[in-house]
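Data first, discussion second: the structure below is written as structure tokens.
The values are calculated or read from the model by the stated rules, or taken from the named source; none is laboratory data. Keep in mind that this is a model prediction, so the values were computed, not measured. Cβ coordinates were reconstructed from backbone atoms using ideal geometry, including for glycine residues, and neighbour counts include every protein chain displayed. In case anyone asks, the SASA skips ligands and DNA or RNA and just uses the protein heavy atoms, side chains included. Shrake-Rupley method; radii C 1.70, N 1.55, O 1.52, S 1.80 Å.
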Amino acid sequence: MENILEKIAYCTEFGKINKVSPYPPDMKGQDGVDELTKLALEQGVSPNDILTKGFVLGMERVGKKFSENKVFVPQMLISAKAMTTGMAHLKPFFTSGEVKRKGKFIIGTVAGDLHDIGKNLVAMMVEGSGWEVIDLGVDVNSDKFIQNIKNSNATAVALSALLTTTMVNMEKIVKEIRGQVPEIKICVGGAPVNQEFCAKIGADHYSPDPQGLVEYLNRLVA
Amino acid sequence: MALKQNMSDWAADLINSKERAAIPIMTHPGIEMIGKHVIDAVTDGTTHFEAIKAIASQYPTSAATIIMDLTVESEAFGCRINFGEHEVPSVMERLVHDFETVSNLKIPDMNSGRIQEYLKASRLAAENIADRPVFGGCIGPFSLAGRLFDMTEIMTAAIIEPETITLLLEKCTKLLLQYVLEMKKTGVNGIIIAEPAAGLLDETLCEEFSSKYVKLIVDATQDENFMVVLHNCGNTGHLTQSMVNTGAAGLHFGNRIDMLKVLQEVPSNILVMGNLDPVGVFKMSDAGQIKTITSNLLKATREYSNFVISSGCDTPPGVSQANVDAFFEAVNDFNYNNITSKQLTY
Ligand code: B12
């Protein structure tokens, strides 16, 4: 049983989605996260273990390598894709409540900004660590953030910005969210953002990469 | 009459000159100088040219450049584009998503979308700006493919569906080749190929999915009278060699890279351009800060004669003239001091 969970973690880490995927080349023809997750469920492995000892572990490992510049955006995204493929098999257990997610997390790229690769990566990493993610896309204004926070009862919301000009919009958005939903944790990130700016605009958390955010979110529900 | 310029000589002159050349990628302040809006310039070649001309008349740039509009080629392929009055246009949604849709994708002709307007702007600039070279512009093959396939999706598709992405890149390259050749006919002296998305790849993937195709364009178009400058603002240092491998005679870098490291790595006969933050510095700083930041970069790169100071990307709409003035003042002061101090040592 441990063995299949380790296999799922390994396939997640190296981005082996399913049997037909040609990547990584040295695993050609072997089962991927897709097949292994199905098999694990058939063998009676608990969905919760699949999530935490399979997907979460695999994503953690690749996330660490990404933070250390050992792998790049495509490798990160492919791991996330593998994880999402496996996660689809766990959907029924989420719905039935048998597997509990850690909470709800909302993310969007702020108004005026259309860069979404980093935001997508963050969303996938957070999902891969056991959270339910609501992705609002790009060019998101305060109203849309607030409306979704209210409708979803989310624990945390994250704002991404890649432009120095749209980073400035974060201040207004943070203020408006605070005014309407004071209890929500607000996280900010993206290349031009830093800790000092985060503190200045009154957001709760900044980290330079998804790994730091995941650790913060997990502390919130620990 | 277009300036007939041997671009190898031009580059050699820049390298041998005691003065540091400045070629910011900058058209938007020109649009504002002539009292027009972004939407006017990106949809009308004559207005676009007038903006280029306004910059050339006002500022001592060593070459004129056109708008880095990364939607022209995608629109030609059929993407829906969002135009804002004061914003650079953007692609609204992906056009293709698998092998079949890519196979069915037709390579557009030169009458599609706004291609003719961009050729017109280039032609008018080449004909009317005779005191310095004019560079046209286009998107790079991988970034174009990313716009058609979705930027995030292409990053993984390159690995798991290489046949699909290779076919797409072949089509993108065909269009770009045709476009650059047409651009060359307008009389411009070179082209800046903007390949930002390739910056997110690792070296092996960049070589296979970007540089290889850029090289095809370089080989087919670059000659004594036509220079290719490859811009990659996504490169954080890991792709410099891959950029050199394309054979482009000029390389242009974004603000996320260490310019000194680049200058140490790139052969001294290749022009190296960069890399002041177009938004953080040009748009958001005040004139005093710009002067300091510009002059710091000039001092740090003093030893490298192939360096050309530039913005790290197209300077966006809304940059004040005072800030552009401050940039050129810093360049001017540096050149003046440099020459006087050199003379003093004789
Ligand atoms: C790809 C790209 C584009 C693509 C975007 C495609 C897409 N769908 O996203 C295109 C070509 C469309 C584009 C357009 C533009 N771009 Co652009 N682009 C880039 C580029 C090359 C890479 C960005 C990227 O995706 N990085 C990879 C991801 C993974 O990194 P990331 O986003 O930083 O995210 C990481 C972290 O920041 C963090 N993170 C991100 N969000 C969050 C959120 C939270 C809460 C947390 C905790 C962490 C976090 O986690 C991620 C993983 O580690 C950068 C240059 C660069 N080297 O960064 C320029 C860059 C961002 N662009 C720039 C500019 C100027 C533009 C344009 C204005 C250009 C123009 N004239 O049209 C337009 C703007 C359009 C708009 N309104 O948004 C400038 C910004 C300068 C500045 N200081 O503001 C840059 C820096 C280039 C440069 N050197 O000048 N761009």
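A few points about this structure:
- The number of residues in the range B:223-246 being under 16 Å from the mean Cα position of the chain (by Cα) and open to solvent by 10 Å² or more (accessible area, probe 1.4 Å) comes to 3.
- Index of the failed condition, A:Asn48 passing every other in (1) at pLDDT 95 or above; (2) touching a Lys or Arg at 6+ places or on another chain (Cβ under 9 Å): (1)
- Residues that are open to solvent by less than 10 Å² (accessible area, probe 1.4 Å) and more than 13 Å from the ligand (Cβ to nearest atom), drawn from the range A:115-128: A:Gly128
- Out of B:Leu260, B:Leu271, B:Leu298, sole residue that is more than 14 Å from the ligand (Cβ to nearest atom), open to solvent by 50 Å² or more (accessible area, probe 1.4 Å), among the aliphatic types (A, V, I, L, M) and out of contact with any Ser or Thr (no Cβ under 6 Å at 6 or more places or on another chain): B:Leu260
- Those residues of the range A:99-114 which are over 12 Å from the mean Cα position of the chain (by Cα) and either at the interface with chain B (Cβ under 10 Å from one of its Cβ atoms) or within 9 Å of the ligand (Cβ to nearest atom) (or both), in sequence order: A:Thr109, A:Gly112, A:Asp113, A:Leu114
- Conditions (1) within 14 Å of chain B (Cβ to nearest Cβ); (2) within 13 Å of the ligand (Cβ to nearest atom); number of the one not met by A:Tyr206: (1)
- Verdict on A:Ala158 being among the aliphatic types (A, V, I, L, M), more than 12 Å from chain B (Cβ to nearest Cβ) and near the ligand (Cβ under 9 Å from one of its atoms): yes
- A:Ile173 vs. criteria among the aliphatic types (A, V, I, L, M) and open to solvent by less than 20 Å² (accessible area, probe 1.4 Å): yes
- Restricting attention to the range B:226-270, the residues that are farther than 30 Å from B:Gly187 by Cβ and not small (Gly, Ala, Ser) total 17.
- Residue match in the range A:37-55 (condition: buried (at least 19 other Cβ atoms within 10 Å of the Cβ) and under 27 Å from B:Met151 (Cβ atoms)): yes
- The listed residues are B:Ala125, B:Ala194, B:Ala130, and the only one of them that is touching a residue at least 60 places away in the same chain (Cβ under 8 Å) and in contact with a His (Cβ under 6 Å, 6 or more places away or on another chain) turns out to be B:Ala194.
- Total residues in the range A:7-20, condition part of a loop (DSSP other than H, G, I, E, B), within 12 Å of chain B (Cβ to nearest Cβ) and open to solvent by 10 Å² or more (accessible area, probe 1.4 Å): 3
- The set of residues in the range B:223-237 that are within 14 Å of the ligand (Cβ to nearest atom) and either out of contact with any helix residue (DSSP H, G or I) (no Cβ under 9 Å at 6 or more places or on another chain) or closer than 19 Å to A:Leu162 by Cβ (or both) comprises B:His231, B:Asn232, B:Cys233, B:Gly234, B:Asn235, B:Thr236, B:Gly237.
- Yes/no for B:Ala220 being on the phi < 0 side of the Ramachandran plot, away from the ligand (no atom under 15 Å from the Cβ) and buried (at least 21 other Cβ atoms within 10 Å of the Cβ): no
This table checks each residue for (1) within 14 Å of chain B (Cβ to nearest Cβ); (2) not hydroxyl-bearing (Ser, Thr, Tyr).
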{"residue": "A:Gln30", "(1), (2)": "no, yes"}
{"residue": "A:Thr37", "(1), (2)": "no, no"}
{"residue": "A:Thr52", "(1), (2)": "no, no"}
{"residue": "A:Ser79", "(1), (2)": "yes, no"}
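- Residue-level check: of (1) more than 14 Å from chain B (Cβ to nearest Cβ); (2) under 27 Å from B:Gly254 (Cβ atoms); (3) more than 12 Å from the ligand (Cβ to nearest atom), A:Glu171 misses just (1).
- Residue check, A:Ser79 at pLDDT 95 or above, among the hydroxyl-bearing types (Ser, Thr, Tyr) and within 16 Å of the ligand (Cβ to nearest atom): yes
- Residue within the range B:329-341 that is more than 17 Å from B:Gln58 (Cβ to Cβ) and not in a helix (DSSP H, G or I) present: no
- Tally, over the range B:264-294, of residues that are more than 14 Å from every other protein chain (Cβ to nearest Cβ), assigned to a helix (DSSP H, G or I) and under 25 Å from B:Ile66 (Cα atoms): 3
- Residue among A:Gln195, A:Gln147 that alone is away from chain B (no Cβ under 14 Å), open to solvent by 70 Å² or more (accessible area, probe 1.4 Å) and within 13 Å of the ligand (Cβ to nearest atom): A:Gln195
- Of residues in the range B:314-329 being within 14 Å of another protein chain (Cβ to nearest Cβ) and on the phi < 0 side of the Ramachandran plot, the one farthest from the ligand (Cβ to nearest atom): B:Ser320
- Any hit, the range B:114-128, residues being among the polar types (S, T, N, Q), surrounded by fewer than 21 Cβ atoms within 10 Å (Cβ to Cβ) and within 26 Å of B:Gly190 (Cβ to Cβ): yes
- Of the residues screened, A:Asp34 is not one that is touching a Gly at 6+ places or on another chain (Cβ under 8 Å), assigned by TED's automatic domain parsing to the domain that holds A:Gln211 and not hydrophobic (A, V, I, L, M, F, W, C).
- Subset of the range B:190-209 that is more than 15 Å from the ligand (Cβ to nearest atom) and touching a Gly at 6+ places or on another chain (Cβ under 9 Å) - its residue that is nearest to B:Leu148 (Cα to Cα): B:Ile191
- Residue check, B:Met284 hydrophobic (A, V, I, L, M, F, W, C), in contact (Cβ under 8 Å) with a residue 12 or more places away in the chain and within 16 Å of the ligand (Cβ to nearest atom): no
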